[in-house]
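Okay, structure first, notes after.
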Amino acid sequence: MIGIVGGGLAAAKLVESYREAGGGDEIVVWSQDPHGPYHRPPLSKRLLRGEAGPEDPLIRVEGADVRRGERVESLDAVEADVIVIATGARPRALGDALQLRTIDDSLELRRRAETARTATVVGGGFIGCEVTASLTQLGLQVTQIVRDPMVFATIACPPLSESLHETYRSHGVDLRLEASDIPDADMVVAGIGVEPNVELARDAGLEVRSGVVVDEFFRTGREGVYAIGDVAEFFDPLYGRHRRIEHWSNAAYHGTTLGRFLAGETSARYDIVSSFFSEEFGKSFRVHGDAAGHDDTSLDGDFGGDRAVYRFLRTGSTIAAVATGLDEEEEAELKEEIRAGVSGAAGRA
């Protein structure tokens, strides 16, 4: 039996790909969330804005016993031949501020927004920016508090951030950069990052750093125990180091790849140029690869326009990029450019 502790997207994708690859073992999924697996990107966008219902993000899982609303207290309690830790992450708290992680959180924010006139959103990353945009579109006067000198500071793409500053302010957002004071408002929302749910793994004696440490096959140091999704600090063979990525696309890929591996495709491993996205006020951008260690950058296009590519370079080769306005073929070409660039830069190092 395969026991999956955690009922998010990564778990759902594991079940799907395992069955598609011919895997026949029994699978049990323990989902602490009573809704079971669902897609999280709509929570800060269409669901929050009332453009989707609470049933729309739900994922139908076939081929597994999904035990909704059940919490696993210890890995020792999981009687399975294979255990997969897919426990995800939880939002960092900020006093009594509202948070956004679950369907119920999103519905509560929408309910509060129906009677609110003003909102303060703390945070300049994915959740902070997306919630700010959605609440603004709902007609609230939003003040956004960002401790860094720009939104999406961790992406380190000033042309994108500067363009977003203009966009937000043009929509009436009171954007306060390098700020810490939180003004009163009818509702206050915190989007200041998450903490991976590593407690089960740590209590079981597994190696934990920023997440549960696994190799490119998602194997922990204990035979038969794996970790995927937001909680996993996985080895990326392309960049030659461990990484942890908190995003929908990463969780989906982890689950899909481990499902194939557990079904007998022993060559299935983490082997892509990572990619994740965000969307604000109807416009999206994507981040490809890992910019750590870059020594130069270049900009093609304008993030205030329809198309832009900001490349992170090392010894003249592209190792990562932020882009908007590309079609699927152009994105695929950019990823291949990054893959070749990382290999070339490593060879010259």
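What the table shows:
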| item | result |
| --- | --- |
| Test: residue in the range 323-342 that is open to solvent by 50 Å² or more (accessible area, probe 1.4 Å), over 24 Å from the mean Cα position of the chain (by Cα) and of a type outside the set (Phe, Trp, Tyr) | yes |
| Residue count, the range 265-292 (criterion: touching a residue at least 12 places away in the same chain (Cβ under 8 Å), surrounded by fewer than 16 Cβ atoms within 10 Å (Cβ to Cβ) and of a type in the set (Gly, Ala, Ser)) | 2 |
| Per-region count, the range 102-133, residues over 22 Å from residue 178 (Cα atoms), in contact with a helix residue (DSSP H, G or I) (Cβ under 8 Å, 6 or more places away or on another chain) and of a type outside the set (A, V, I, L, M) | 4 |
| Considering residues of the range 280-294 that are in a strand (DSSP E or B) and hydrophobic (A, V, I, L, M, F, W, C) only, the residue nearest to residue 308 (Cα to Cα) | 285 |
| The one condition in (1) open to solvent by less than 40 Å² (accessible area, probe 1.4 Å); (2) closer than 25 Å to residue 123 by Cβ; (3) outside any helix (DSSP H, G or I) that residue 195 fails to fulfil | (1) |
| Any chance residue 212 is in contact (Cβ under 8 Å) with a residue 24 or more places away in the chain, touching an Asp or Glu at 6+ places or on another chain (Cβ under 8 Å), under 30 Å from residue 133 (Cα atoms) and among the hydrophobic types (A, V, I, L, M, F, W, C) | no |
| Residue within the range 166-177 that is among the small types (Gly, Ala, Ser), open to solvent by 80 Å² or more (accessible area, probe 1.4 Å) and part of a loop (DSSP other than H, G, I, E, B) present | no |
| Subset of the range 115-129 [in contact with a Pro (Cβ under 9 Å, 6 or more places away or on another chain) and either free of Cβ contacts under 8 Å to residues at least 60 places away in the same chain or open to solvent by 10 Å² or more (accessible area, probe 1.4 Å) (or both)] | 118, 127 |
| Flag if residue 48 is surrounded by fewer than 19 Cβ atoms within 10 Å (Cβ to Cβ) and in contact with a helix residue (DSSP H, G or I) (Cβ under 9 Å, 6 or more places away or on another chain) | no |
| Total residues in the range 226-250, condition in contact (Cβ under 8 Å) with a residue 40 or more places away in the chain and open to solvent by less than 10 Å² (accessible area, probe 1.4 Å) | 6 |
| Some residue of the range 58-71 being open to solvent by 50 Å² or more (accessible area, probe 1.4 Å), of a type in the set (A, V, I, L, M, F, W, C), more than 19 Å from residue 251 (Cα to Cα) and within 23 Å of the chain's Cα centre (by Cα) | no |
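The values are calculated or read from the model by the stated rules, or taken from the named source; none is laboratory data. None of these values were measured; they are calculated from a predicted model. Note that we place each Cβ from the backbone using ideal geometry, even for glycine, and neighbour counts take in every protein chain shown. Side chains included, ligands, DNA and RNA excluded: accessible areas come from the protein's heavy atoms. Shrake-Rupley method; radii C 1.70, N 1.55, O 1.52, S 1.80 Å.
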